[in-house]
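Only the coordinates and a few stated rules stand behind these numbers; no lab work does. Keep in mind the model is a prediction, meaning the values are calculated, not measured. Here Cβ is always computed from backbone atoms with ideal geometry, including for glycine, and neighbour counts include all displayed protein chains.
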Amino acid sequence: MSWIYLIVASMFEICWTFCLKFMNVKRVRTIGWSSFFSRRENMEILAPFAGYVVFGIGNIIFFSMAMKYIPASVALASWMGLTLIGIKLAEIYLFKQPSNFYQFIYMTLIMIGIVGLKRTA
């Protein structure tokens, strides 16, 4: 169950990272707080901030639950590796970023390392 917690924490971290990408602090200043609910664009401006908080807290909770049963070094390395691969795959498939064959080879090597750490933990 602890490895499932670690995978969920990685998913939260991936979402948290993309919330950071889409945050725009300057646009928050343009929100008319007196008419906040009457304009849809106000919610679009604040959605990345809400995601930042929700996904950040979820990440902390699930990662801490995973670390109760997995050694810290293994948990951190696995969590970061899964997060890196998830972010790269999201960039490739959702945001249509260019990729090449070598990137998939290196992601495979990261996955081999994670599986190796899991087998020894």
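In whole Hz and in residue order, list the ³J(HN,Hα) couplings for the stretch 63-70 that follow from phi through the Karplus curve 6.51 cos²θ - 1.76 cosθ + 1.60, θ = phi - 60°; x for Gly and Pro.
Going residue by residue, I get 5, 5, 5, 5, 6, 5, 10, 10 Hz, with x marking Gly and Pro.
Which longest run of the chain has no exposed loop site in it, a site being trypsin sites (Lys or Arg not before Pro) in a DSSP loop with at most 11 other beta carbons within 10 Å, and the site itself not part of the run?
The answer is 30-67.
With θ set to phi - 60° and the Karplus curve 6.51 cos²θ - 1.76 cosθ + 1.60, what are the ³J(HN,Hα) couplings of the stretch 9-18 in order, to the nearest whole Hz, using x for Gly and Pro?
Going residue by residue, I get 4, 5, 5, 4, 5, 4, 4, 4, 4, 6 Hz, with x marking Gly and Pro.
Of the candidates Gly56, Gly86, Gly32, which one comes out as most mobile in a Gaussian network treatment of the chain with C-alpha springs shorter than 10 Å?
Gly32
Label points 7 Å out from Cα along the Cβ direction at Phe101 and Val28: separation in nm?
4.6 nm
Expressed as cubic angstrom per residue, what is the convex hull volume of the alpha carbon set of the stretch 1-43?
Roughly 95 Å³ of hull volume per residue.
Who wins for biggest fluctuation among Thr83, Thr108, Thr17 in a Gaussian network model of the chain, springs between alpha carbons below 10 Å?
Residue with maximal mean-square fluctuation among Thr83, Thr108, Thr17: Thr108.
Suppose we look only past 26 Å in the calculated P(r) of the chain. What percent of the Cα-Cα pairs does that tail hold?
35 percent
Can you give the relative contact order of the chain as a percent, counting alpha carbon pairs under 8 Å and 6+ residues apart?
Over the chain, the number comes to 38 percent.
If you take the charge dipole of the chain about its Cα centre, with +1 on Lys and Arg Cβ and -1 on Asp and Glu Cβ, which of Ile57, Leu82, Ile45 is farthest toward its positive end?
About the Cα centre, the residue reaching furthest to the positive side is Ile45.
Work out the count of Lys pairs in the chain where the Cα-Cα distance is under 18 Å, with the pair 8 or more places apart or on different chains.
Lysine pairs satisfying the spacing and distance rule in the chain number 4.
Calculate one ³J(HN,Hα) per residue across the stretch 78-85 by plugging θ = phi - 60° into the Karplus curve 6.51 cos²θ - 1.76 cosθ + 1.60, and present them in order as whole Hz with x for glycine and proline.
5, 4, 5, x, 4, 5, 4, 5
Where nothing but the Cβ of Lys and Arg (+1) and of Asp and Glu (-1) is charged, how large is the charge dipole of the chain around its Cα centre, in debye to the nearest 20?
So the magnitude is around 160 debye.
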